[in-house]
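Have a look at the structure below, then the notes.
The values are calculated or read from the model by the stated rules, or taken from the named source; none is laboratory data. The structure presented is a predicted model; accordingly, all values stated were derived computationally and were not measured. We place every Cβ from the backbone using ideal geometry, glycine too, and count neighbours over all the protein chains shown.
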Amino acid sequence: MVRILVADEQAVVRRGLRTLLEARHDFEVCAEASNGCEATELALRQRPDVAILDIPLSVVNGIEVTRQIRKAAPATEVMIFTLHEGEHEIRDALRAGARGYLLKSDSDEEIVRAVEALARHRTYFSHQVSRTMFDIFFEQTRPEHKTHALTARERKVVQLIAEGNSNKSTAQLLSISVKTVETHRLASMRKLDIHSTAQLVRYAFREGLVQP
């Protein structure tokens, strides 16, 4: 028997989930909560297999409840079930320890599949959430989002090279050795996943390190 906690401020949502889930002979809604504080207390008392939480819970929001449950009752898997599909909410939920994330617009069948997966300690994300997660990952791994990875000296070397300076003239301008310039250039290319000086120059113009 999979024991489930449902936490949502709207009674109609809690009733709907209970009706849907308990139509399965192996699912039992062991507790319902209308706010975050109650959800945490019930999770620690009942130790459900799966906790289904909305994010905008009163008293304590669903992200913090997720964090508290995962810390105090790590055997309980948390599934976020919400209207919110923004990247910040998804990112915060995952960091807090949620292993599932569904939207209230998702189908009944998908909700059941998600609970089944979490009960087996597997992750489950709806199609829309998975697409948002992919977009977040793609944006974070694009070279233009890695400027912060360069040191101040590396940025200066990239700037001077993009302005047309040779390694030797760059070394003279910065009062460092040619070998040090080359080390900084290669380190910058590695961090930015760039494979040629031409790409490095384009990157410098795109990021505003060099004015056209």
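What pairs come up if the first residue lies in the stretch 118-129 and is within 16 Å of LEU53 (Cβ to Cβ) and in contact (Cβ under 8 Å) with a residue 40 or more places away in the chain, the second is in a strand (DSSP E or B) and small (Gly, Ala, Ser), and their beta carbons are under 7 Å apart, counting only those six or more places apart or on different chains?
Close Cβ pairs (under 7 Å, with a partner that is in a strand (DSSP E or B) and small (Gly, Ala, Ser)) amount to LEU118/GLY100; TYR124/GLY100.
Rundown of residues vs (1) at pLDDT below 95; (2) touching a Leu at 6+ places or on another chain (Cβ under 8 Å); (3) on the phi > 0 side of the Ramachandran plot; (4) not hydrophobic (A, V, I, L, M, F, W, C), yes/no style:
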position	(1), (2), (3), (4)
ALA7	no, yes, no, no
GLN10	no, no, no, yes
ARG14	no, no, no, yes
LEU20	no, no, no, no
GLU41	no, no, no, yes
ARG45	no, no, no, yes
ILE80	no, yes, no, no
GLU85	yes, yes, no, yes
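Quick check, is SER177 surrounded by fewer than 14 Cβ atoms within 10 Å (Cβ to Cβ) and farther than 18 Å from ALA149 by Cβ?
yes
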